[in-house]
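Novice: Provided herewith is a single structure, encoded as structure tokens, for subsequent inquiry.
Read-outs throughout are calculated quantities, based only on the coordinates presented, and are distinct from any laboratory measurement. Bear in mind that the values here come from a model prediction, so they are computed numbers and not experimental data. Ideal geometry is used to build each Cβ from the backbone, glycine not excepted, and the neighbour counts take in all protein chains shown.
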Amino acid sequence: MFTGLVREIGRIRALAPSRGVVRLDIDAPKLASSAKLGDSVAVNGICLTVTAVKGRVFSVEAATETRRLTTFESWRRGAMVHLEPALRAGDPLDGHLVQGHVDGVGRILSVKKSGGSLLMTIGLGASMARFLTPKGSVAVDGVSLTVDEGPFTDRFTVNLIPHTLQETTFKAARTGRQVNLEMDVLVKAARTGSGWPGIEEKNQTPVASKPAGLTLERLLAKGFGRLGSKGRS
């Protein structure tokens, strides 16, 4: 579990196929200094497991499904990525609850300056757009952001304040850039009775046939409240 607050911007040192997965080496002195084997870390919003640590570099591995559902395949050596270690019991929840399970890929449609801020509009598919809500939360490349403007049929806009621009790679955002999107898990649970978009379509069960609303049982079923539980990608 994560909060969507970037703790460090790392640089990709190497990508290499290894035993059916792709090994990713990331130069991140701050995170690497405290990372341990088996730790979870969000890399541009993707929950991955630390498999090696050497000096200021740590390594993770991405399976085929992770690469298929995210922007991973477009990453190259030298690229900068958002990093966040897993939330630990007792840590403050300053962003919003982020699982590190990317729902899909969006694309930046426009970037426009507004005073010292940046208005960034992102296009996305209908299966994800239905989980947008005014002033709700969304994780974009692992960054917790507030939904500012609609329409919510195929796009949404976020307002990036100067602090966010300073602490993320969005200061260099350009039209056409693909981004990882994770919709708010609480909205997903409330609107579908589960934490996953599209589960009704897959099971061919109408949404209306499921009990509406967010319940304690559903939150517990998703792992909320269980100390020490860790997600994996």
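Novice: Between LYS30 and THR153, how many nm apart are label points set 7 Å from Cα along the C-beta direction?
Specialist: Result for the modelled spin labels: 4.2 nm.
Novice: So who's got an amide H within less than 5 Å of the one on VAL179, skipping anything under 5 residues away but keeping other chains? H placed 1.01 Å off N, in plane.
Specialist: So VAL179 has HN proximity to GLY106, ARG107, ILE108.
Novice: Oh, and also: Pick out, in residue order, every one of the GluC sites (Glu not before Pro) in the range 39-93 that is DSSP loop and has at most 13 other C-beta atoms within 10 Å; say none if there are none.
Specialist: Numbers: sites: GLU61, GLU65, GLU73; in loops: none.
Answer in residue order: no site qualifies.
Novice: Listed here are the pairs LYS112/LYS188; LYS135/LYS188; LYS30/LYS171; LYS30/LYS54; LYS36/LYS188; which of them are more than 23 Å apart at the Cα?
Specialist: Going by Cα-Cα distance, LYS112/LYS188; LYS36/LYS188 fall outside the 23 Å limit.
Novice: Please compute the length gained on full extension between HIS163 and LEU109, using 0.36 nm multiplied by the number of residues separating them and subtracting their Cα-Cα distance.
Specialist: Taking 0.36 nm per residue and subtracting the Cα distance, the gain is 17.2 nm.
Novice: Expressed in nm to one decimal, what extension gain is obtained for the pair SER117 and ASP91 from 0.36 nm per residue of sequence separation less their Cα-Cα distance?
Specialist: 6.5 nm
Novice: May I ask you to evaluate 6.51 cos²θ - 1.76 cosθ + 1.60, the Karplus curve with θ = phi - 60°, for each residue of the range 60-67 and list the ³J(HN,Hα) values in order in whole Hz, giving x for glycine and proline?
Specialist: So the J values, rounded to whole Hz, are 9, 10, 10, 7, 4, 5, 4, 5.
Novice: For ARG67 and ALA172, compute 0.36 nm times the residue count separating them, minus their Cα-Cα distance, and round to one decimal in nm.
Specialist: 35.5 nm
Novice: May I ask for the net charge around THR51, where only other residues with Cβ less than 9 Å from the Cβ of THR51 are counted and Lys, Arg are +1 while Asp, Glu are -1?
Specialist: Summing Lys/Arg as +1 and Asp/Glu as -1 gives 0.
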